[in-house]
Amino acid sequence: MNGPALLALQLVDSRLDAIEGRRKRLPERAVRDAAKVAHAELATERARLQGLVDAAYAAVEQAETAGAELDTKQRRLEAQLKTVIAPREAEALMHEIDLLKAKHSALDDVELEAMDQQANAEEAMALLDQREPELLATLADAQAALDAAEASLAADAAGLMAERGVASAALSEAETSLYTSLKARHGGMGIAQLERHTCTGCHVDLSQVEYEQVVHTPAGELPECPHCARLLVV
Ligand SMILES: [Zn+2]
């Protein structure tokens, strides 16, 4: 087993993993996500207000239509009133006209209330519309910062992938399959180094006896870390 070649590939892969880890935890992503949420909240609130405006508009329309019907009825009764002679009949008609007027007045109140709600909602929407460009600009800036940070990491990764090609080509087929299975078994790092008496894979210090065994592994074989079972390159 070519320890140094296995280690070279491991070091490249560990750097690639570190880049992927940084990519996932980019602070620029959190900033961008927060900006997205802020804008989405504005859009939701705007839609809610638009709903209020539409409902108020419909209520005004409805009140207008109903009011026009009442006006028609009232004019008909007033015309009728001019033709009746019997006082009792006239009284009944006047009473009916008064009822219509009261209904109309109640409708007018409803209409005014709806117009008020519409105006309030439109005012709140106008305030949101004033704020929106700033939120969109913040979002665009945050997205650009995230894109730049990701592009920079992608460039680093592309450089490392070229190095990985070279390191990987230096391995035999058996070494490649060993490397692949160790990497999978040990969460990305199957090949570790012995730094003084410490395994760089699990960071445990080897005892003197363990250390002696490791450094006296026969040439051509790779020792295992007695603690994490990664292959150690001494
Ligand atoms: Zn170890």
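Go ahead and run the numbers for FRET between Gln208 and Ala148, Cβ-Cβ distance against an R0 of 41 Å, rounding to 0.05.
According to the calculation, E is roughly 0.20.
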Task: Percent RCO, i.e. relative contact order, over the range 19-155, from Cα pairs under 8 Å lying at least 6 residues apart - done: 52
Open item on the list: Could you work out the pair-distance distribution P(r) of the chain from its alpha-carbon pairs, with 5 angstrom bin width and percents rounded to whole numbers?
Closed with: 1, 6, 9, 8, 7, 6, 6, 5, 5, 5, 4, 4, 4, 4, 4, 4, 3, 3, 3, 3, 2, 2, 2, 1, 0, 0, 0
Task: Estimated Rh, the range 111-234: Kirkwood, alpha-carbon pairs, angstrom - done: 20.1
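Could you work out how much longer the chain between Ala34 and Glu69 gets when fully extended? Use 0.36 nm per residue separation minus the Cα distance between them, nm to one decimal.
7.3 nm
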- [ ] Report, in deg cm²/dmol and to the nearest 500, the calculated mean residue ellipticity at 222 nm for the chain, where each DSSP H run with n ≥ 4 adds -39500 (n - 2.57) and the sum is divided by the residue count.
- [x] -28500 deg cm²/dmol
Task: Tilt relative to the chain, helix 3-24 - C-alpha long axis, 0 to 90 degrees, to 10 - done: 10
- [ ] Find the relative contact order for the range 190-233 and round it to a whole percent, using C-alpha pairs within less than 8 Å whose residues are 6+ positions apart.
- [x] 42
Task: Hits among lysines - C-alpha to C-alpha of Lys103 under 29 Å, sequence gap 8 or more where chains match - done: Lys73, Lys82
Open item on the list: Please rank Ser168, Ser105, fewest neighbouring Cβ atoms within 10 Å first, as an exposure proxy.
Closed with: Ser105, Ser168
TODO: Please state, rounded to one decimal and in Å, the Kirkwood hydrodynamic radius that the range 1-67 gives when every pair of distinct Cα atoms enters the mean of 1/r.
DONE: 17.3
- [ ] Mind running the shape call on the range 190-233? Use the C-alpha gyration tensor, a ≥ b ≥ c as the square roots of the eigenvalues: rounded below 1.5 for a/c, prolate if a/b tops b/c, oblate otherwise.
- [x] oblate
TODO: Can you tell me how much longer the chain between Ala58 and Asp129 gets when fully stretched, taken as 0.36 nm per residue apart minus their C-alpha distance, in nm with one decimal?
DONE: 23.3 nm
Task: Likely footprinting exposure, Thr72, Thr176, fewest C-beta neighbours within 10 Å first - done: Thr72, Thr176
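Taking 1 over the mean of 1/r across every pair of different Cα atoms in the range 19-155, what Kirkwood radius in Å do you get?
When all Cα pairs of the range 19-155 are included, the Kirkwood radius is 20.0 Å.
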TODO: Taking 7 Å along the Cα-to-C-beta vector as the label spot, tell me the Glu224-Ala162 distance in nanometres, rounded to one decimal.
DONE: 3.9
- [ ] Determine the gain in length on full extension of the stretch Arg76-Asp109; use 0.36 nm per residue of separation and subtract their C-alpha separation, reporting nm with one decimal.
- [x] 9.5 nm
Task: Point-charge dipole on Cβ atoms (K/R +1, D/E -1) for the range 19-155, about Cα centre, debye to 20 - done: 580
Task: Counted charge near Asp205, where neighbours are those whose Cβ lies closer than 13 Å (Asp, Glu -1; Lys, Arg +1) - done: -1
Task: Cα-centred dipole magnitude for the chain, charges only on beta-carbon of K, R (+1) and D, E (-1), debye, nearest 20 - done: 780
TODO: Would you work out the relative contact order for the chain, in percent, from Cα pairs under 8 angstrom that are 6 or more residues apart?
DONE: 31
Open item on the list: Distance between the C-alpha centers of the range 132-152 and the range 69-129? Whole Å please.
Closed with: 55
Open item on the list: With 10 angstrom as the radius, rank Ile85, Ile97 by how many other C-beta atoms surround their C-beta, starting from the fewest.
Closed with: Ile85, Ile97
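Any read-out appearing in this document is the output of simple, stated calculations on the displayed coordinates, not a laboratory observation. These numbers were taken from a predicted model, which means no experiment stands behind them. Quick reminder, even Gly has a Cβ in these numbers, built from the backbone with ideal geometry, and neighbours come from all protein chains shown.
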